[in-house]
1. How many residues does region 86-111 hold that are open to solvent by 50 Å² or more (accessible area, probe 1.4 Å) and without any contact (Cβ under 8 Å) to a residue 60 or more places away in the chain?
2. Among all residue pairs at least 6 apart or on different chains, which show Cβ distances below 7 Å where the first residue, located in region 47-65, is among the polar types (S, T, N, Q) and the second is open to solvent by 30 Å² or more (accessible area, probe 1.4 Å)?
3. So how many residues does region 42-64 have that are at pLDDT 95 or above and over 21 Å from Gly111 (Cα atoms)?
4. Give region 16-33 a look and list any residue that's touching a helix residue (DSSP H, G or I) at 6+ places or on another chain (Cβ under 9 Å) and open to solvent by less than 70 Å² (accessible area, probe 1.4 Å), or say none.
5. Determine, yes or no, whether Ala137 is at negative phi, more than 10 Å from the chain's Cα centre (by Cα) and open to solvent by less than 10 Å² (accessible area, probe 1.4 Å).
Amino acid sequence: MRLPLRQRTERKWLLAAEPEVLEELRRLRARVTHVTGALAATSDGVVLAHDTATVEPEGVAALTAAALGVAQSLAGATGRGAFRELLVRGENGYVATYAAGSTAVLTVLAGDRANVGRLHMEARRSGARLADLVGVALSRAEQP
């Protein structure tokens, strides 16, 4: 099925922002010890950029979109406001997802020895930067 023209235009501009988004992901990995991967995606699961070697980014983006829907519903149903972040701790480490504006998310993979406070601090900064990059890309898509 073909996307409407507006969605195709938005995706084109979002994908054009990939070099800057990828650079932000790499800076995040450099700033936080034990981060093993990061990806930025639209809230509906389209990968914008990724810096991951051990996971399939499209699958992680799709799962992030599904988790995002549940997290948004949970936050709303409990009166906690708009989604900000989600942290999953597994036996081998963490998967953390952060809002990057209203249309994108940042998902970070970290080992079990990661400093979670540092992870939150740096990933929140990266999420804000990604929100700016996505906002600029979307504003370009709206220009005639």
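The values are calculated or read from the model by the stated rules, or taken from the named source; none is laboratory data. Just so we're clear, the structure is a prediction, and the values are computed from it rather than from any experiment. Neighbour counts are summed over all protein chains in view; Cβ atoms, including those assigned to glycine, are modelled from backbone coordinates with ideal geometry. Just so you know, the surface numbers come from the protein's heavy atoms only, side chains and all, with ligands and any DNA or RNA stripped out. Shrake-Rupley method; radii C 1.70, N 1.55, O 1.52, S 1.80 Å.
1. 8
2. Sorted first by the residue in region 47-65, then by its partner, the pairs are Thr54/Thr36.
3. Here the count works out to 1.
4. Ala16, Ala17, Val21, Glu24, Leu25, Leu28, Val32
5. Numbers: at negative phi: yes; more than 10 Å from the chain's Cα centre (by Cα): yes; open to solvent by less than 10 Å² (accessible area, probe 1.4 Å): yes.
So Ala137 passes the test.
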